[in-house]
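Read through the structure below, which is laid out as structure tokens, and then see the notes.
The values are calculated or read from the model by the stated rules, or taken from the named source; none is laboratory data. Just so it is clear, the model here is predicted, and its values are computed rather than measured. With ideal geometry, Cβ positions are generated from the backbone for all residues, glycine too; neighbour counts draw on all protein chains shown.
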Amino acid sequence: MAKVNQVSGTMEKMVSLCKRRGFIFQSSEIYGGINGFWDFGPMGVELKRRVKESWWQRMVRDRDDVVGIDTSIIAHPQTWVASGHVESFSDPMIDCKKCKRRFREDELAGAVKCPECSGELTAARQFNLMFHTFVGANADSASTAYLRPETCQSIFTQFKNVQTISRKRPPFGIAQIGKAFRNEITPRNFIFRSREFEQMEMEYFCHANDAATQYDYWVSERFAWFESLGIKKENLRLRPHAENELAHYAKGCTDVEFQMPFGWSEMEGIANRSDYDLSQHAKVSGKDLSYYDDATKERYLPHVIETSVGVDRTCLAILVDAYREEDIKGEKRVVLGFAPHIAPVQVAVFPLSGKLSEKAIKLHHGLKKRFASEFDDAGSIGKRYRRQDEIGTPFCVTYDFASDEDHSVTIRHRDSMQQDRVAIDQVEKYLSDQFKR
Ligand code: GAP
């Protein structure tokens, strides 16, 4: 049931590697999968955590002007009335009367017949992308609630609480990482467009006079974060939105795009949203969300610069960017060339023979305190290297028969395949130095 639509050769290989090596599986695979939902395996969850940790470190912990929150997935339904989602968070949907395939209107690019079977198409009708549920025992309209389609709205509704308790004055930001849900008409391209995904959003509150400068700052700061993940610069670009793409309240929006096998695609949006969000929530809730600046004696509704990025899309970009195939003396070598700080496994320790396992395990346990280390004693060394290359492990350490005598091990670099002999008591320092590069 779950499909990877419109995949190119590279994507097909990636999808297969992701399953083979435990990055990403179809959700509920044993029941045939469920379209638009994915599960992250042991490697995938580590990659995802590294992406989230990198974002949180840079956006919250390294800064004095941003604080974090973690809010509920289900909010008061009025939240989504105020935000405009109940009224207009919808895509026009068209069905084929013959083969029953479903399309978003923009995917058909004006076609009048079904592109799959040339069948007759229905007229377009609006389909709201929010998932509905019911809160409490009664399943009626009074108890209808929604799974949040974006994480940012509760940042706006909690603005006053957070501003007051954190004693922050604009300009300052509130950041959140969490699940979002959209009942996409046509989920596609593996985890690029799914129905359940994670967002990392930050709303930066500032005076209207400051908004244009802050917007420019955040556009370049967010681009720099993508580069810090080790993604090649030539695969990244900024795309400012044209005037006619902007929402009526927005004063500017720029996407960070990545060159996917299916074309340049949005990873993140940075938007100057004016005071729209706070003014909507103030209007619908009847609560004053303005800020009083006692230095200037001015009361105003802060303007907002939003940075909104998908965790899953970022993981996909990292995977696609890192994937490569090499020909080594007629044999194919598949490598995920992750930056060492992003790799799910950072170092693998191998004993050359089962007889050396005990000492190799001791070394592995020592390294585990500092790095994500994996121990592997199964199969030939060649096979172990191939597996580590495919999961993107930057360094493999082999404990061999000479190690007892020279108190050294061999460290093999994933990218150059260069091998260095390093004293056992220097391995941690050697690896730490590699990570600094
Ligand atoms: N609060 C603004 C907002 O949600 P958006 O452009 O709809 O803006 C922001 O979403 C980011 O969330 C996107 O750039 C993308 O990375 C991610 N995203 C949105 N819909 C997604 C989906 N169906 N599957 C995976 N990621 C998605």
ask   = So, of the residues in region 253-299 that are in a loop (DSSP other than H, G, I, E, B) and among the aliphatic types (A, V, I, L, M), which turns out to be modelled with the highest pLDDT?
value = Leu289
ask   = Any residue at all in region 211-218 that is away from the ligand (no atom under 15 Å from the Cβ), over 30 Å from Ser290 (Cα atoms), free of Cβ contacts under 8 Å to residues at least 24 places away in the same chain and out of contact with any strand residue (DSSP E or B) (no Cβ under 6 Å at 6 or more places or on another chain)?
value = no
query = Can we say Ser285 is in the same structural domain as Leu47 (by TED's automatic domain parsing), without any contact (Cβ under 8 Å) to a residue 24 or more places away in the chain, of a type outside the set (A, V, I, L, M) and away from the ligand (no atom under 16 Å from the Cβ)?
reply = no
note = Filtering region 150-175 down to residues that are over 29 Å from Phe262 (Cβ atoms) and within 11 Å of the ligand (Cβ to nearest atom) yields Gln153, Ile155, Phe156
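Just to be sure before I move on: is Ala247 more than 16 Å from the chain's Cα centre (by Cα), in a loop (DSSP other than H, G, I, E, B) and not polar (S, T, N, Q) in the structure I sent?
Yes: the conditions hold for Ala247.
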key: Segments classed as strands (runs of 3 or more DSSP E), wholly inside region 48-122, with at least 3 members that are assigned by TED's automatic domain parsing to the domain that holds Glu221 and β-branched (Val, Ile, Thr)   = none
note = Taking region 10-32 and keeping residues in a loop (DSSP other than H, G, I, E, B) and either surrounded by 17 or more Cβ atoms within 10 Å (Cβ to Cβ) or within 20 Å of the chain's Cα centre (by Cα) (or both) leaves Arg21, Gly22, Phe23, Ser27
query = Which residues, taken from region 190-202, are in contact with a strand residue (DSSP E or B) (Cβ under 8 Å, 6 or more places away or on another chain) and either near the ligand (Cβ under 9 Å from one of its atoms) or more than 30 Å from Met130 (Cβ to Cβ) (or both)?
reply = Ile191, Phe192, Ser194, Arg195, Glu196, Phe197, Glu198, Gln199, Met200, Glu201
request  = Enumerate the pairs (first residue in region 245-265 and over 18 Å from Phe223 (Cα atoms) and in the same structural domain as Trp218 (by TED's automatic domain parsing); second residue anywhere and modelled with pLDDT of 95 or more and assigned to a strand (DSSP E or B)) with beta-carbon separation below 7 Å, excluding pairs fewer than 6 apart on the same chain, so at least 6 apart or on different chains.
outcome  = Leu246/Cys253; Ala250/Ala271; Ala250/Asn272; Lys251/Asn272
key: Residue list for region 78-105, filter: free of Cβ contacts under 8 Å to residues at least 12 places away in the same chain and either β-branched (Val, Ile, Thr) or over 30 Å from Lys283 (Cβ atoms) (or both)   = Lys100
note = (1) outside the structural domain of Val15 (by TED's automatic domain parsing); (2) within 12 Å of the ligand (Cβ to nearest atom); (3) over 30 Å from Gln26 (Cβ atoms) all hold for Ala142 apart from (2)
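To keep it simple, each residue is scored yes or no on (1) hydrophobic (A, V, I, L, M, F, W, C); (2) surrounded by fewer than 16 Cβ atoms within 10 Å (Cβ to Cβ); (3) assigned by TED's automatic domain parsing to the domain that holds Thr10; (4) in contact with a Phe, Trp or Tyr (Cβ under 8 Å, 6 or more places away or on another chain).
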residue	(1), (2), (3), (4)
Lys297	no, yes, yes, no
Val309	yes, no, yes, yes
Lys355	no, yes, no, no
Glu358	no, yes, no, no
Glu374	no, no, no, no
Arg384	no, no, no, yes
Glu390	no, no, no, no
Asp400	no, no, no, no
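Would it be correct to say that Pro115 is free of Cβ contacts under 8 Å to residues at least 24 places away in the same chain and surrounded by 13 or more Cβ atoms within 10 Å (Cβ to Cβ)? First the steps, then the outcome.
On the way: free of Cβ contacts under 8 Å to residues at least 24 places away in the same chain: yes; surrounded by 13 or more Cβ atoms within 10 Å (Cβ to Cβ): yes.
So Pro115 passes the test.
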remark   = How many residues of region 329-382 are within 25 Å of Arg20 (Cβ to Cβ), in contact (Cβ under 8 Å) with a residue 24 or more places away in the chain and either touching an Asp or Glu at 6+ places or on another chain (Cβ under 6 Å) or assigned to a loop (DSSP other than H, G, I, E, B) (or both)? The answer is 20
remark   = Within region 299-330, residues in contact with a His (Cβ under 8 Å, 6 or more places away or on another chain) and either closer than 30 Å to Glu390 by Cβ or away from the ligand (no atom under 16 Å from the Cβ) (or both) come out as Tyr300, Pro302
